[in-house]
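What follows is a short report on a single structure.
What follows is calculated from the coordinates using simple rules that are stated; it is not laboratory data. Model, not experiment: these values are computed from the prediction. In this analysis, Cβ positions are derived from the backbone assuming ideal geometry, glycine residues included, and neighbour counts consider all displayed protein chains.
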Amino acid sequence: MKQALVAIVGRANAGKSSLLNAVLGETVTIVSPVAQTTRRPVRGVLTEEGTQLVFTDTPGIRAATHALGSLLNRTARGLVTGSDAVLLVVDGSLPPRLEDRGWMARLARDEVPVQALLNKCDLGCREAEYRAAWEETLAELRERDPALAPPPVVWRRVSAKTGEGLPELLETLRAAAVETETPRYDPETLTDDPRPFFIADVVRQQLNARLADELPHACAVETVKIADAPDKVSVEATIYVEKPSQRPIVIGQKARGIRAIRRAAEAELGEIYGKPHELSLWVKVEPNWSRNYWMLRRLGYLPG
């Protein structure tokens, strides 16, 4: 069987998670307009006859304004090494940003072939501006290192929303796959993301949807217990905030906020897993959880 390891990288909110879900035709990673919603590398596996493509969705790079942001940026940059191909996802409807140029500089110094995906092309495309930014980045790097040999780059217009350009993208990735004795994953595997982490992410997605303006990075979710029964799945999860003043924001007046989060998460999990989910959510104050090494490991943000 042929196999390719594909890293999906780019700045926050470029649409990396949406792209992975569109390629697989299933939800394996959460999507939100909040920057750095993806806090852990999430792998998605596409197995077809004779070929297996293993995608890694990485945390989105953005200007780090807190310790967790710096950690996520380092994690994303390190995941390029060892890949057979890199998909640099940019929001083609907007001008290049500093984080886009940062990724260009990072990838120009590597040997891994790059496909630059101008995502959201259904909203407009600034391809010429991104191509110019790439050439400007190369020129700046060559001033410091005249021997720079950047990898080949292919530019593609795609849309995770409409599916435009995705069949052609997959064809090139299949062609880049190399022969292996055995596939890395069982053909039935869609993702190796542990279920407790995924459930926690779904709850956090609903938190982001309702409280992004008030608590954009202050919340984390940990799945404490999962109990499977023939007719339903019972889940206990803890929502962590960093300050006592943040707890009532999550709970809401007369607990309306936490109820809305619970019901929305239950509905999404039921649809994804095909079985009703019953959630019990608790809100706990954990000062400086985003700087606590052991907490970050428990939450899956650091390797165990």
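When the Cα positions of THR182, PRO150, GLY300 are compared along the charge dipole of the chain, GLY300 comes out farthest toward the positive end, with charges on each C-beta of Lys, Arg, Asp and Glu. Taking Rg and Dmax of the Cα atoms in Å as calculated from this structure, the corresponding entry among (1) 23.0, 76; (2) 25.3, 87; (3) 20.1, 65 is (3). What value, in deg cm²/dmol to 500, does the helix sum -39500 (n - 2.57) over DSSP H runs of n ≥ 4 give at 222 nm once divided by the residues of the chain? That comes out to -11000 deg cm²/dmol.
Given charges of +1 on the Cβ of Lys and Arg and -1 on the Cβ of Asp and Glu, with all other atoms neutral, how large is the dipole of the chain about its Cα centre, in debye to the nearest 20? If you can, show how the numbers build up before the last one.
On the way: 40 positive and 40 negative charges, 286 e Å.
So the dipole magnitude of the chain works out to roughly 1380 debye.
For region 195-298, the dipole from Cβ point charges (+1 on Lys and Arg, -1 on Asp and Glu) about the Cα centre works out to 280 debye, to the nearest 20. Counting lysine pairs in the chain whose alpha carbons fall under 15 angstrom apart, excluding pairs fewer than 8 residues apart on the same chain, gives 5.
For region 47-56, 3J(HN,Hα) computed residue by residue from phi via the Karplus equation (6.51, -1.76, 1.60; θ = phi - 60°) reads 10, 10, 4, x, 9, 10, 9, 10, 9, 10 Hz, glycine and proline entered as x. Among SER234, SER159, SER290, the ranking by other beta carbons within 10 Å of each residue's beta carbon, starting with the fewest, stands as SER234, SER290, SER159.
What is the sum of charges around LEU169, taking Lys and Arg as +1, Asp and Glu as -1, for the other residues whose C-beta is under 12 Å from the C-beta of LEU169?
Values: positive: ARG156, ARG157, ARG174; negative: GLU164, GLU168, GLU171.
Counting the neighbours of LEU169, the net charge comes to 0.
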